Amino acid sequence: MNDPPRVRFCDLPTPVRSLHGLSDRLWMKDDSHTASLWGGNKPRKLEFVIGDALARGKRAILTFGALGTNHGLATALYARENGLACVLCLVDQPVDDHVRAQLERIGDSGAIVYRTGTFRRTALRMPWLLARHRLPYVLPAGGSSPVGVLGFVAAARELAQQVRAGELPEPSEVWCALGTGGTAAGLLLGLRLEGLQTEIKAVHVNDQLELSEATILKLVRKAAAKLEVEAPADGVEVVHGYLGGGYGHATPAGTAALERARDAEGLKLDPVYTSKTMAALLDRLPSTGGPVLYWHTYNGV
Ligand SMILES: *Cc1c(COP(=O)(O)O)cnc(C)c1O
C-alpha cells in the first residue's frame with residue numbers, strides 16, 4: 001500500500017463515547033475537536049490535501065463553497081498555517097446571522113475571495129482564475145477529492161484501533177451526514193481495509209450535487225487507486241427522506257432530534273448536517289440489530 005503525503009495538525013485519535021441516554025446500542029465518534037483552529041470533519045481531509053499540494057510544489061489552493069462554507073474557511077485557515085495561499089470561489093446562499101459571521105471569519109482568514117454567485121459563473125471564470133493564480137491546486141467542494149477521502153480512510157483505521165482496544169464494540173452500522181461524499185467514501189474503504197464489515201449509512205442532506213451509492217463507490221475506487229488497494233463493491237446506503245426544503249434548510253424532524261440529543265446527552269448538533277443525520281438514525285434504530293455508531297462531524301471549536 002502507498003504512503004501518501006500528509007501534514008499533521010489534527011489532534012488524534014478523537015474520542016469515542018456511548019450515547020446511552022438516547023439508546024443503549026448507540027455510540028459516538030466525536031470529531032468536534034479534530035484540530036485547534038477549526039474542528040469537525042474537514043481538517044482530516046486537509047491533512048492529505050495540503051500534504052499533496054506541498055508535495056506538488058503548489059503555492060495556493062483554489063476551492064469552492066457557498067457563502068457560509070465550513071470547508072472554505074477550514075481550507076483557508078490550515079492552508080495559511082502551512083504556508084499556502086487560499087483562493088475561494090463562493091456561490092450565493094440565503095444570508096442569515098450564521099452566514100454573515102462565517103463571511104467575516106473568511107475575510108479574516110487571509111483568503112482571496114471571489115463571489116461568483118452561481119456554479120455556472122464559477123465554471124466560466126475558471127480559465128481566468130487558473131491563470132491569475134498561476135495554476136493553483138484545485139480542490140473540489142467539501143474537500144472530497146480522492147486525496148481528501150484518504151483523511152477518512154485514516155479515520156476509519158483509527159476507529160478500528162479503538163474497537164480492538166475495547167473502547168466500543170464493533171458497530172454493525174456507522175451513520176454520517178452526506179454532504180459531498182468524502183466522509184462516507186473514506187469510512188467505507190478504511191473499515192474494509194481493517195477487515196470490518198460495518199455498513200455505512202449516509203444521510204442525504206445536500207441536493208446541490210448528484211449523490212448516490214454509485215457516486216460514493218466511484219469515489220471509493222479513486223481513493224483505493226491512490227493507495228493501490230482493492231476497492232469494495234458495496235457497503236453504503238444513501239438514506240433519503242430527511243432533506244426537507246433543501247440544503248441548509250432546517251426540518252421539524254431535525255429540530256426534534258437536535259433537542260432530544262441535547263436533552264439526553266448534552267450534544268450540540270447543527271441544522272444543516274448532523275441534526276438530520278441524528279433524526280434518520282433515531283428513526284431507524286429500532287429496526288436495526290447490533291451496536292450503532294454515530295459519526296459526529298460538526299465543528300465544536
Ligand atoms: C462538510 C460537512 C459534512 C459533509 O461531509 P462530506 O464529506 O462532504 O460528505 C458533514 N457534517 C458537517 C458538520 C460538515 O461541515
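Of note:
- Taken as Cα centroids, the stretch 63-106 and the stretch 281-301 sit 28 Å apart, rounded to the nearest whole angstrom.
- Lys, Arg +1 and Asp, Glu -1 on Cβ, resulting dipole of the stretch 1-106 about Cα centre, debye, nearest 20: 340
- Between the listed residues 53, 75, 86, the Cα displaced farthest toward the positive end of the dipole of the stretch 1-92, a dipole computed from Cβ unit charges relative to the Cα centre, is found at 53.
- Å² of accessible area per residue within the chain, as computed with a 1.4 Å probe and no ligands counted: 43
- Magnitude of the charge dipole, the chain, Cβ model with Lys/Arg +1 and Asp/Glu -1, debye to 20: 1220
- Stretchable slack from residue 128 to residue 225, in nm (0.36 nm times residue separation minus alpha-carbon distance): 31.8 nm
- Modelled spin-label separation between residue 208 and residue 249, with each label point placed 7 Å from Cα along the Cα-to-Cβ direction: 1.5 nm.
- Cα gyration tensor shape of the stretch 194-249, rounded if a/c is under 1.5, else prolate or oblate by comparing a/b with b/c: prolate
- Pairwise label distance in nanometres, residue 115 with residue 95, each label 7 Å out on the Cα-Cβ vector: 0.5
- Only helices enter the 222 nm calculation for the chain: every DSSP H run of n ≥ 4 contributes -39,500 (n - 2.57), and dividing by all residues gives -13000 deg cm²/dmol, rounded to 500.
- Centre separation in Å (Cα based) which lies between the stretch 241-279 and the stretch 200-214: 16
- Peptide ranges 91-98, 36-43 listed from the most packed, as the mean C-beta count within 10 angstrom indicates: 36-43, 91-98
- Residue 105-residue 259 pseudo-label distance in nm [points 7 Å out on the Cα-to-Cβ vector]: 2.7
- Estimated dipole of the stretch 64-122 in Debye, rounded to 20 [Cβ of Lys and Arg +1, of Asp and Glu -1, Cα centre]: 260
- Extension gain from residue 2 to residue 234, taking 0.36 nm per residue of separation minus the Cα-Cα distance: 81.3 nm
- Ranking 20, 4, 32 by Cα position along the charge dipole of the stretch 1-45, where only Lys, Arg, Asp and Glu carry charges on their C-beta atoms, puts 4 farthest toward the positive end.
- In the stretch 43-143, Cα pairs under 8 Å separated by at least six residues give a relative contact order of 36 percent.
- FRET efficiency, 1/(1 + (r/R0)^6) with R0 22 Å, evaluated for residue 172 and residue 12 via beta carbons: 0.35
- Beyond 25 Å in Cα-Cα separation lie the following of the pairs 201/222; 58/218; 222/268; 42/218; 222/276; 58/222: 58/218; 222/268; 222/276.
- Cut-off under 5 Å, modelled amide H: who pairs with residue 138 long-range: 62
- Helices assigned as whole DSSP H runs in the chain whose Cα atoms extend at least 24 Å along their own long axis and whose mean Kyte-Doolittle hydropathy is -1.0 or higher are found at 146-164.
- Gyration tensor verdict on the stretch 43-143 (Cα atoms; rounded if a/c is under 1.5, prolate if a/b is larger than b/c, oblate otherwise): oblate
The values are calculated or read from the model by the stated rules, or taken from the named source; none is laboratory data. Computed from a predicted structure; not experimentally measured. Using ideal geometry, Cβ is built from the backbone for each residue, glycine included, and neighbour counts are taken over all protein chains shown. For accessibility, only protein heavy atoms count, side chains too; no ligands or nucleic acids. Shrake-Rupley method; radii C 1.70, N 1.55, O 1.52, S 1.80 Å.
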